[in-house]
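Below is one structure, written out as structure tokens; the observations come after it.
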Amino acid sequence: MKYKILIVEDEEEIVNLISNRLDKEKYDVRVALSGEKALHLVKTEEFDLVSLDIMLPEVDGLTICKELRKKNKSTIIIIVSALDLSESKENAYSLGADDYIAKPFLPKLLALKIASLLQRRFEMLNSSLEFKKVVQHNIALQKFYIENQALSLTPSEYMIFETLFSNPIKIFSKDELSQLLYNEALGNIDRDGVRTHIYTLRKKIAAFTDVEIIRTIRGMGFTLYED
């Protein structure tokens with residue numbers, strides 16, 4: 001079965017750069033050159049992954065991202081945009097984007113990210129029931145449990161773990177987690193501080209299970225690993 005991918009981009013040259021890097025044996029690639037067409041497609045069809053520009057004719061990419069995420073929680077959304085600003089990235093993530101790549105970009109890198117995110121989506125969909133037997137989350141109490149044993153977490157540790165748990169496909173860099181903690185008024189914690197938090201979280205989790213919960217993606221950051 002092929003993965004169904006939608007490329008939303010108004011520059012045909014960029015569309016060709018992306019599509020030429022995608023294996024036609026693995027992917028069924030559709031293209032939308034305008035926001036209006038993209039919005040129609042995401043409302044009427046199901047896609048495994050959408051590569052989405054922000055600045056589009058007729059309907060902007062963030063509106064499409066919002067509508068797509070309301071309709072489908074499992075579709076992977078990668079924003080590919082020339083707007084390389086923190087505000088743009090924060091808006092995209094808040095609307096449900098899984099990743100954000102700034103233009104200009106290497107088509108090979110995007111192709112690798114697409115393959116990696118789809119693989120993680122496959123793993124997540126096929127192992128989520130087993131994973132939830134290991135990790136439980138009580139949102140009302142703001143507590144996590146490993147094998148039904150409560151984790152004793154600081155507010156910063158809880159925020160990091162909750163972020164990873166709520167976005168199991170996305171890879172979070174140290175800088176993103178540092179900014180998150182700062183935005184939530186949990187302290188000005190730098191990259192080394194985030195690394196220390198991750199180390200402590202792993203130790204606390206390891207007290208109750210041998211399953212690798214938090215995974216390091218070399219050169220990129222951290223993600224939840226469902227084995």
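Estimated from the Cβ-Cβ distance and a Förster radius of 25 angstrom, the FRET efficiency linking Ile139 and Ser74 is about 0.80. How high is the relative contact order of the chain, in percent, counting Cα pairs under 8 Å that sit 6 or more residues apart? The value is 14 percent. Each semi-axis of the equivalent ellipsoid for the stretch 144-200 is √(5λ) with λ an eigenvalue of the Cα gyration tensor; in descending order they amount to 19, 13, 10 Å. With R₀ fixed at 35 Å, the C-beta to C-beta distance from Glu90 to Thr216 puts the FRET efficiency at about 0.90. With the biggest extent put first, the Cα atoms of the stretch 1-144 measure 48, 36, 30 Å across the principal axes. Relative contact order of the stretch 1-56: 54 percent, from C-alpha pairs under 8 Å at least 6 residues apart in sequence. Sequence-distant contacts, meaning Cα pairs under 8 Å at least 6 residues apart, place the relative contact order of the stretch 140-227 at 34 percent. Of the beta bridges in the stretch 1-92, as assigned by DSSP with both residues counted there, near 0 percent are antiparallel. Scattering from the stretch 42-127 was approximated by placing one identical point on each alpha carbon and applying the Debye formula without solvent; log10 I(q)/I(0) at 0.11, 0.13, 0.14, 0.15 1/Å stands at -0.29, -0.40, -0.47, -0.54. A protection proxy built from the mean count of other Cβ atoms within 10 Å ranks the segments 62-74, 30-42, most packed first, as 30-42, 62-74.
Computed across the stretch 62-107, the Kirkwood radius stands at 10.8 Å (inverse of mean 1/r, all Cα pairs).
For the chain, the fraction of 1.4 Å probe accessible surface lying on carbon and sulfur atoms is 50 percent. Accessible surface calculations at 1.4 Å, restricted to protein heavy atoms, place the stretch 10-136 at 52 Å² per residue.
What the Cβ-Cβ distance of Lys204 and Ala102 gives, at R0 = 35 Å and to the nearest 0.05, is a FRET efficiency of 0.50. Counted as membrane-span-like here are DSSP H helices of the chain whose alpha-carbon atoms extend 24 Å or more along the helix's own axis and whose Kyte-Doolittle mean is 0.0 or above; these are 107-134.
Each DSSP beta bridge with both residues in the chain is either parallel or antiparallel, and the antiparallel ones are about 40%. Taking a straight Cα-Cα cut-off under 24 Å and skipping sequence neighbours fewer than 8 places away in the same chain, the lysines within cross-link reach of Lys108 are Lys2, Lys4, Lys24, Lys26, Lys89, Lys170, Lys174.
For the chain, adding -39500 (n - 2.57) for each run of n ≥ 4 DSSP H residues and dividing by the number of residues yields -14500 deg cm²/dmol at 222 nm. I want the local charge near Ala111. Using Cβ-Cβ distances under 9 Å, sum +1 for each Lys or Arg and -1 for each Asp or Glu among the other residues. Net charge in that neighbourhood comes out at +2. Normalised radius of gyration (Cα atoms, divided by 2.2 N^0.38 Å) for the stretch 1-40: 1.16. What is the log10 of I(q)/I(0) for the stretch 76-227, computed with the Debye formula using one identical point scatterer on each Cα and no solvent, at q = 0.14, 0.17, 0.20 Å⁻¹? Values returned for q = 0.14, 0.17, 0.20 Å⁻¹ are -0.73, -1.07, -1.41.
The values are calculated or read from the model by the stated rules, or taken from the named source; none is laboratory data. In this text, all values refer to a predicted model and were calculated from it rather than measured experimentally. Cβ: placed from backbone, ideal geometry, glycine included. Neighbour counts: every protein chain shown. Quick note on the areas: whole protein, heavy atoms, side chains included, nothing else; ligands and nucleic acids left out. Shrake-Rupley method; radii C 1.70, N 1.55, O 1.52, S 1.80 Å.
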